[in-house]
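Quick notes on the structure that follows.
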Amino acid sequence: MTERARPRADQTAEMPPQPSPYRRGVAHVGAGRPRPTDTTVIRESPTGWPGDTGQQARLPLGYRMAQLRRGRQWSTTGAVFALVCWGIWAASSLGNLGSPMATLVITSLVAVGLFALARLVGRLVWERQLGRVRRSARGAHLVTAVFLVAVGVAFLRQTEWVVTAWNWVVNW
């Protein structure tokens, strides 16, 4: 069979041998997918090119959710402390749990609203006024945690046996 009669799929190209990119003991830096950067900003040019809006580029939803998750240990710690204190307060009331449950729900809603307000203030002050880039939600989580710890302490101060035990420890 001649060279011309063979189909092109059966033909092999004459290529010089290529060295393998793998080398023992050398890390392949830059592998994987690139992460979006916070400095991707489209600014309006003085020439007024079409399509130049002057707005910041939208970051992907996954990246924004990762920003919200940074610092969540503060809010989680405050929420666990408030929940334990609420449980002690609710158990010491020895009555209907309707009112303590409503108190817990309202407290949780206020904490979520406080977190949203702290994020909004951070956006207005930190990003717009100061021109900085927020890389996490640690400040908002910290504000929420302080609120939840204060609520937990308020629950404990309404529990008679905890106040009695505290006074005994302090006056000892």
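Observations, loosely collected:
- Meets criteria (aliphatic (A, V, I, L, M) and either open to solvent by 80 Å² or more (accessible area, probe 1.4 Å) or touching a Ser or Thr at 6+ places or on another chain (Cβ under 9 Å) (or both)) for LEU109: yes
- THR77 vs. criteria touching a residue at least 40 places away in the same chain (Cβ under 8 Å), of a type in the set (S, T, N, Q) and buried (at least 17 other Cβ atoms within 10 Å of the Cβ): no
- Just one residue in the set GLY78, GLY139 is in a helix (DSSP H, G or I) and within 30 Å of ARG58 (Cα to Cα); that residue is GLY139.
- Considering the range 51-73, the residues that are in contact with a helix residue (DSSP H, G or I) (Cβ under 7 Å, 6 or more places away or on another chain) and either at pLDDT 90 or above or assigned to a loop (DSSP other than H, G, I, E, B) (or both) include one that is nearest to SER136 (Cα to Cα), namely ARG70.
- If you go through the range 125-147 and keep only what is under 18 Å from the mean Cα position of the chain (by Cα) and either within 22 Å of SER108 (Cβ to Cβ) or at pLDDT 85 or above (or both), you end up with ALA137, ARG138, GLY139, ALA140, HIS141, LEU142, VAL143, THR144, ALA145, VAL146.
- Residue check for SER93: farther than 19 Å from MET65 by Cα, modelled with pLDDT under 95 and in contact with a helix residue (DSSP H, G or I) (Cβ under 7 Å, 6 or more places away or on another chain): yes
The values are calculated or read from the model by the stated rules, or taken from the named source; none is laboratory data. Everything numeric in this text was worked out from a predicted model, so none of it was measured. A quick note on method: Cβ atoms are made from the backbone with ideal geometry, for glycine too, and the neighbour counts reach across all protein chains shown. With ligands, DNA and RNA removed, areas are computed over all heavy atoms of the protein, side chains included. Shrake-Rupley method; radii C 1.70, N 1.55, O 1.52, S 1.80 Å.
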